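One structure is given here, and the rest of the page talks about it.
The values are calculated or read from the model by the stated rules, or taken from the named source; none is laboratory data. Predicted, not measured: the structure shown is a model, and the values here were computed from it. As a convention, Cβ positions derive from the backbone with ideal geometry for all residues, glycine included, and neighbour counts pool all protein chains shown.
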Amino acid sequence: MTETFEESTNPEIATVDAETKASVEINESPNEIGDGAEIKTAVDDGMKEACEEIGDVIQGIYNSLLEIRDTQYDTEAIPLNKEEQKLEAENLSIIEAASKLEFLLPAQEREAQRKADALLLAGKLEEAEAKRAEHEAARHTPEAMEERQRQIAQRIEAIREEKKAIARRVFGQWYTDIQKLIRATEHQLFIGLLDKSYDEMYAYQNRHDLGATVERPSSALIGSRQIAGLTTDERSRSAEFFSSQKWYR
């Protein structure tokens, strides 16, 4: 219910009436003021959330591209890694066997010669010859081991080159994808935001006749401070500014 006030001819009463009327008018407006403040807060919160969501989307795409890159490499490299591990284990076993054979071979040679001589003395010429052939083959065992080690080394080297080739190819695919993401984001920042904001600022100034005048040359709404203030500057010593100096020279 709205109160009505009648003007009084008594100065003192008139003063009280005016003060009471003003009080009522002021008390009627807080809801309107409060609603405006709530709207402004809601807009600010919405803007903050939107900006965070944009950052999350970009970071999410970036993380997905990293995962795709690493998964693709692992998928192709895992079989090669297993083969390399198997060959390294075989090479280690050859080294251990060769170390033992170094001490055993002289004794084995003497034992084989003794058996061959015994067979020969017994008139078993063919068996004696077979024993000598067996002994001769045993003498070449270290050479066979060394040859196998060379083969293993060559294959391991080839495997590592194959993995490098996979890594280069996978990197090239990832680089192309990440380049698209960065350039799309870059376009939105410079063309979609900064350039459009620059044009809109001056359009707003002109639309409302807020430019500089002859009488007041420094009265323009838009100046170098507003333009520079759209992005971080050197004085802020922000990570964004120093990073921009690395990428844009």
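Details
- Filtered by the rule that a residue be without any contact (Cβ under 8 Å) to a residue 60 or more places away in the chain, among the β-branched types (V, I, T) and surrounded by 13 or more Cβ atoms within 10 Å (Cβ to Cβ), segment 145-201 gives a lone residue, I182.
- Filtering A14, A77 for residues that are out of contact with any Asp or Glu (no Cβ under 6 Å at 6 or more places or on another chain) and at pLDDT 90 or above leaves a single hit, A77.
- Across segment 184-192, a minimum of one residue is classified as more than 20 Å from the chain's Cα centre (by Cα) and of a type in the set (V, I, T).
- Qualifying residue in segment 88-98 (condition: of a type in the set (D, E, K, R), at pLDDT 70 or above and touching a helix residue (DSSP H, G or I) at 6+ places or on another chain (Cβ under 8 Å)): yes
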